[in-house]
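Written below as structure tokens is the structure these notes are about.
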């Protein structure tokens, strides 16, 4: 039996090596600062024999045979703000935006959409779907969303070929369900409304699916440890665990929604491991939770240094999914619209988080206006694309192109494979698509060009990373 297993493994290795030998060309796509290159095809290079590299030779090492988590896609949120901005653009600009985001050939191929349940900061007004004091939820209606959000979500889904993972997150229950009687400033859900609030999610799913939009999943609570001046609600890890275990999970199953994904946490990397322990070490709660969602806002000093917390969750709970549910560059300033650091924030985050076990990435607002809004809490932020409504123009920041280096080339269902760089200025991750092609992402953080070798099993292709650039290599 052992000899047969070894023989099969040897044959597989020979087949992989043979396939590699037949496909010696690497196609390079690049986005670079101070150039016109934006997801542009910049080179086709060949693998040649190299053997042992010298320490003076910069290399990106890839081993396509070492596989890890399955990639499930990239997308963004269609908030009230995004949908309102979209509605105020002309039809040609609307079509251009949808194609740019959701078309895999002419755009960057988004396949995930998030939206808000009830209002959030990126809403022009504060609203819920029920009337004051309606514990039975008999007045539940999504009529508010029919004006902007639902039409845009439908058009985006169509632009994506009819297939997206659509999930929704609440920022706050109605004020009368909370102990501070306020949708804003944190507060907690009153125990007497636990069941009503659990029913609220199923009412939302039923209403949206009646409009023809299948709901893939929900998160329990957006940022459950943040007391904000906008819609927010506090859950400790134990409170969230018990709400899922005793109310939300059973209610979803009873309503026929057992297949819908429940995402816990939906907040920053700082507490992600503590939250994961609390949920997943309780089998009664863990059975309902598909995975853990996270954001990137924990580093108040501006540094990105908590990626290891994601890895710890991946190592400790390998059967659960780790899903990036929100991130954006805050404090909008129109003077920074061309700042190269906008895209680099995405590049660093996505490469590091994928390498630490993340399965998918959801940006925050798909599009915002020229003020970084609308936002009723005056919490204006950047999006990868802004709509200048005064001039009916779309402004594509370099963040759009940096994200596109992942979403355009990595196919849903791809497996992450082993990749590492021999210099800290280069960040890299890699995936193997279902068609056998390997996709390698290389980000150069330096202000100078860096010649390097893409090295695989003793063969190497010589490539140059332009200053402050992102590249996708496909072979």
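The values are calculated or read from the model by the stated rules, or taken from the named source; none is laboratory data. In this text the structure is predicted, and so the values were computed from the model without any measurement. Glycine also receives a Cβ, built like all others from the backbone with ideal geometry; neighbour counts cover every protein chain displayed.
Of the listed requirements (1) in contact (Cβ under 8 Å) with a residue 40 or more places away in the chain; (2) in contact with a helix residue (DSSP H, G or I) (Cβ under 8 Å, 6 or more places away or on another chain), residue 59 misses just one: (2).
Tell me whether the stretch 190-202 contains one or more residues that are closer than 22 Å to residue 81 by Cα and assigned by TED's automatic domain parsing to the domain that holds residue 251.
Residues of the stretch 190-202 closer than 22 Å to residue 81 by Cα: 201.
Now restrict to residues that are assigned by TED's automatic domain parsing to the domain that holds residue 251: 201.
Yes: the stretch 190-202 contains one or more residues that are closer than 22 Å to residue 81 by Cα and assigned by TED's automatic domain parsing to the domain that holds residue 251.
Considering each residue of the stretch 441-451 in turn, at least one proves to be under 24 Å from the mean Cα position of the chain (by Cα) and in a loop (DSSP other than H, G, I, E, B).
Assess whether residue 143 counts as being under 30 Å from the mean Cα position of the chain (by Cα), modelled with pLDDT of 95 or more and assigned by TED's automatic domain parsing to the domain that holds residue 225.
Numbers: under 30 Å from the mean Cα position of the chain (by Cα): yes; modelled with pLDDT of 95 or more: yes; assigned by TED's automatic domain parsing to the domain that holds residue 225: yes.
So residue 143 passes the test.
Taking the criterion of being farther than 20 Å from residue 328 by Cα and under 18 Å from the mean Cα position of the chain (by Cα), the residues of the stretch 94-105 that qualify are 103, 104.
A quick yes/no check of all residues on (1) under 23 Å from residue 217 (Cα atoms); (2) under 19 Å from the mean Cα position of the chain (by Cα):
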{"position": "84", "(1), (2)": "no, no"}
{"position": "87", "(1), (2)": "no, no"}
{"position": "92", "(1), (2)": "no, no"}
{"position": "107", "(1), (2)": "no, yes"}
{"position": "111", "(1), (2)": "yes, yes"}
{"position": "116", "(1), (2)": "yes, yes"}
{"position": "130", "(1), (2)": "yes, no"}
{"position": "134", "(1), (2)": "no, no"}
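When you check residue 32 against the structure, is it exposed (fewer than 13 other Cβ atoms within 10 Å of the Cβ) and either closer than 15 Å to residue 437 by Cα or modelled with pLDDT of 50 or more (or both), yes or no? Write out each step before concluding.
Details: exposed (fewer than 13 other Cβ atoms within 10 Å of the Cβ): no; either closer than 15 Å to residue 437 by Cα or modelled with pLDDT of 50 or more (or both): yes.
Taking the combined requirement at face value, the residue does not satisfy it.
Test residue 167 against the criterion of being touching a strand residue (DSSP E or B) at 6+ places or on another chain (Cβ under 6 Å) and either closer than 22 Å to residue 258 by Cα or assigned to a helix (DSSP H, G or I) (or both), and give yes or no. For residue 167, the condition - touching a strand residue (DSSP E or B) at 6+ places or on another chain (Cβ under 6 Å) and either closer than 22 Å to residue 258 by Cα or assigned to a helix (DSSP H, G or I) (or both) - is met. Residue 172 meets each of the listed conditions (1) over 29 Å from residue 157 (Cα atoms); (2) surrounded by 18 or more Cβ atoms within 10 Å (Cβ to Cβ); (3) in contact (Cβ under 8 Å) with a residue 24 or more places away in the chain apart from (1).
Any idea which of 237, 276, 264 is in contact (Cβ under 8 Å) with a residue 12 or more places away in the chain, within 14 Å of residue 221 (Cα to Cα) and touching a strand residue (DSSP E or B) at 6+ places or on another chain (Cβ under 7 Å)?
Numbers: 237 fails: touching a strand residue (DSSP E or B) at 6+ places or on another chain (Cβ under 7 Å); 276 fails: within 14 Å of residue 221 (Cα to Cα).
Checking each option against the conditions leaves just 264.
Only helices (runs of 4 or more DSSP H) whose full extent lies in the stretch 196-306 are considered here, and the ones with at least 3 residues that are out of contact with any helix residue (DSSP H, G or I) (no Cβ under 7 Å at 6 or more places or on another chain) and on the phi < 0 side of the Ramachandran plot are 237-243, 249-254.
With respect to (1) over 14 Å from residue 366 (Cα atoms); (2) without any contact (Cβ under 8 Å) to a residue 60 or more places away in the chain; (3) in a helix (DSSP H, G or I), the lone exception for residue 186 is condition (3). Filtered by the rule that a residue be in contact (Cβ under 8 Å) with a residue 40 or more places away in the chain, outside any strand (DSSP E or B) and either buried (at least 21 other Cβ atoms within 10 Å of the Cβ) or under 13 Å from the mean Cα position of the chain (by Cα) (or both), the stretch 318-331 gives 328, 329.
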